[in-house]
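*Asks:* Got a structure for you, questions after.
Just so it is clear, none of the values below were taken in a lab; they were calculated from the coordinates. Because the structure is predicted, anything quoted here is derived from the model rather than measured. Don't worry about glycine lacking a Cβ; one is built from the backbone with ideal geometry, like all the others, and counts go over all protein chains shown.
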Amino acid sequence: MSGPFPIQAAPITAGDWRVWQEDRRRVEQEIVEGRQFQVWDTERGRYDGMLDFMLRHGLWAAATGMRPAQLKKDNGVPYRLLNGVECLREMAGIDTPANCGPLLKDAYLMERIGFTAEKIAQRQAQDRGVIDTETLLNHLGRFTEADLEGGFLEHLKVIRHKRWLRGGVYAVDGHDILISHGQGYEGARRISDGAYGYKLLVLLNIQNDCELIVGYILGGLQESEITMLRRLLARLNHTMGPLREWLKILLLDRGYWGTDLFCELKQDYGIDFVSRVRDEKMDLNGHIQRQLAEPDRSWTEFEETRQFSGRQETEKVRVTALRPITLISDETSAHRQIAVNIVVASQSHLDGSPVLDKNGKDISRTDYITSLQPGRHGVKVRGFYRGRWGIENQGFRTLSQIWDIDRPAGHSYGAVLARLVFVFLIYNARHLFQRESRHRPDYAEELRQMRAHGAGISLAGASAVVLTASGFCAAIATRQLLKLQKQRLRKALEQGLTDGQSLKEVMREFDSR
């Protein structure tokens, strides 16, 4: 870009050392003005902080260590490298393997994850990526459920070893993956309205600004979420150890309502639960109304900040806890029963007006059902359930908007599930990286660069340290440095032509600077 400048030009010196003052604005100005500068590549600045984080803490090894059972030979591209490419694809927010051609031509990243320099140079000479995009798609299709489950458990083993799974509060929810013209997708099921697709269930560890996926299960659209939850819990109880030892409280949407399920959670697994009363037509509501009508009913009142139609608003909340109510199942001949506690919350705007949804329906009252002891008024129960919104507001919204999980990687069931599991691995790594950035300024800077290039980008891009002859320095992303060089060249051309120089003379003078 520019030749080296004389070292004795330093404005500040200390013995044999030269000191540059950090000033990004001044550096950018001097580059554009055509003054001398020098570029130094720095390893810290060249690779993405999140990739560095995963490499340092064992998350990369766990993510790339999954070997597909249907891989018959090991004499092609090693599966660890293909897994690494898939991780980079999800980090970069590239929606399908077919669109990751530019990524596969990124010599630095491909060498960083293990491709040889010779392989990269050979493919670059042909203007091709290190692998064909079809190779990556075929690779995803070779995974079985057992392969992916084993790989995800290795990922969780790293997280548990680092003690990043905190608390015992978890939330579960389902998401429908709808596919237009999905007849050709293996395992995709059709429901009554003609839609094809899959039903995805995930279990999240609920932490403040760091939800982590610890379990998943994929089925057909027609499957019951309660049935899928039972299968998921049974699997986790076997693979991650007894649920009662680590899953203390499970937050459920009211769609999971069922006395038998409540009994299984509390009596069989030792899990406390918090959910919402399903609807106003249940017999349970008669018991609730009678207790609310008691003249000596005790309430507590406080204020909360919530999101209303995209804006934050403070509301008044009144909460009371009722006496236990016994639920008796009529789903099976066993007629299991369980005593539950009900917490009723009434919310309003600060002026006392009721809270309405977008259709004008009054949603001021919320009834919670729980196996927990609610305390005097049940404030903690409401707090737990409010935490469940993270799985919808941060969990599935992030998965859908940033990683576009509604778009399968291929038509085979293995490719569909494999792509989801790789997304889960990167989703968790991204959340852990964000939490680590609170203590690491360099990681925080990487996050700032990610956000500047869009929510779906987790590769911040290469950067370099620029030193100017006048004594200023700054770390500048290479893509920004290229823009500044273009501005520098344009300005030099315009000035030279204005002064009557030929284009050849202008370029000769520019090269000599």
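*Asks:* When the chain is fully extended, how far beyond the present Cα-Cα distance does residue 299 get from residue 69, taking 0.36 nm per residue of separation? Before the final figure, lay out the partial values.
*Replies:* Numbers: separation 230, 0.36 × 230 = 82.80 nm, distance 5.90 nm.
Between residue 299 and residue 69, full extension yields an extra 76.9 nm.
*Asks:* In terms of modelled amide H atoms, which long-range or inter-chain residues lie less than 5 Å from the amide H of residue 216?
*Replies:* Hits under the 5 Å cutoff: 203.
*Asks:* When a/c is below 1.5 the answer is rounded, else prolate if a/b is larger than b/c, else oblate, so apply that to the range 257-400 with a ≥ b ≥ c taken from the square roots of the Cα gyration tensor eigenvalues. It would help to have the intermediate numbers written out before the result.
*Replies:* On the way: a/c = 1.91, a/b = 1.34, b/c = 1.43.
The shape class here is oblate.
*Asks:* List the aspartates and glutamates whose Cα lies under 19 Å from the Cα of residue 486, skipping any in the same chain that are fewer than 8 positions away.
*Replies:* Result set, ordered by chain and number: 28, 30, 33, 494, 505, 509, 511.
*Asks:* How large is the Kirkwood hydrodynamic radius of the range 323-376, counting all unique pairs of alpha carbons, in Å? Display every interim value, and only then the final one.
*Replies:* Details: mean 1/r = 0.0725 Å⁻¹.
By the Kirkwood definition, the hydrodynamic radius is 13.8 Å.
*Asks:* If you don't mind, another one. Tell me what the chain gives for mean residue ellipticity at 222 nm when only DSSP H runs of n ≥ 4 count, each as -39,500 (n - 2.57), the sum divided by the residue total, rounded to 500 deg cm²/dmol. Don't jump to the answer; show the numbers that get you there.
*Replies:* Working: 19 runs with 198 residues, N = 513.
Using -39500 (n - 2.57) per qualifying helix, the result is -11500 deg cm²/dmol.
*Asks:* Scan (i) 33; (ii) 45; (iii) 50 for the value of percent of Cα pairs over 35 Å apart calculated from this model and give just the label.
*Replies:* Step by step, percent of Cα pairs over 35 Å apart for this structure corresponds to label (iii).
*Asks:* Would you calculate the separation in nanometres between label points at residue 246 and residue 330, each defined as 7 Å from the Cα along the Cα-to-beta-carbon direction?
*Replies:* It is 4.0 nm.
*Asks:* Can you pull the one-decimal nm distance between simple spin-label points at residue 180 and residue 145, each 7 Å off the Cα toward Cβ?
*Replies:* Placing both labels 7 Å beyond Cα along the Cβ direction yields 3.0 nm.
*Asks:* Which value, in debye to the nearest 20, describes the size of the charge dipole of the chain about its Cα centre when Lys and Arg Cβ atoms bear +1, Asp and Glu Cβ atoms bear -1, and nothing else is charged?
*Replies:* On the way: 71 positive and 66 negative charges, 122 e Å.
Roughly 580 debye for the chain.
*Asks:* Rounded if a/c is under 1.5, else prolate if a/b beats b/c, else oblate: with a ≥ b ≥ c from the C-alpha gyration tensor eigenvalues square-rooted, which is the range 109-203?
*Replies:* Working: a/c = 3.09, a/b = 1.26, b/c = 2.45.
Oblate.
*Asks:* In what sequence do 130, 169 fall when counting other Cβ within 10 Å, fewest first?
*Replies:* Final ranking by Cβ density, sparse to dense: 169, 130.
*Asks:* Filter 105/483; 266/380; 157/199 down to the pairs with a C-alpha to C-alpha distance above 23 Å, please. List each step's numbers first, then the result.
*Replies:* On the way: 105/483 21 Å; 266/380 19 Å; 157/199 26 Å.
Checking Cα-Cα distances, 157/199 exceed 23 Å.
*Asks:* Tell me, how many Å apart are the Cα centres for the range 140-169 and for the range 318-342?
*Replies:* Using only Cα atoms to place each centre, the spacing works out to 35 Å.
*Asks:* Quick one: 260, 362, fewest Cβ neighbours within 10 Å first, how do they rank?
*Replies:* Values: 260 18, 362 9.
So the ranking, lowest neighbour count to highest, is 362, 260.
*Asks:* Now a separate question. Sort 343, 379, 214 so that the residue with the fewest other Cβ atoms within 10 Å of its own Cβ comes first and the one with the most comes last. Please list the in-between numbers first.
*Replies:* On the way: 343 26, 379 17, 214 22.
Exposure proxy ranking, most exposed first: 379, 214, 343.
*Asks:* For residue 273, what residues show an amide H to amide H distance below 5 Å, using hydrogens built from the backbone and excluding near sequence neighbours?
*Replies:* Here the answer is 250, 371, 372, since their amide H atoms fall under 5 Å of that of residue 273.
*Asks:* A further question follows. Can you compute 3J(HN,Hα) from phi for each residue in the range 337-343, using the Karplus curve 6.51 cos²θ - 1.76 cosθ + 1.60 with θ = phi - 60°, rounded to whole Hz and x for Gly and Pro?
*Replies:* 9, 8, 8, 10, 10, 10, 10
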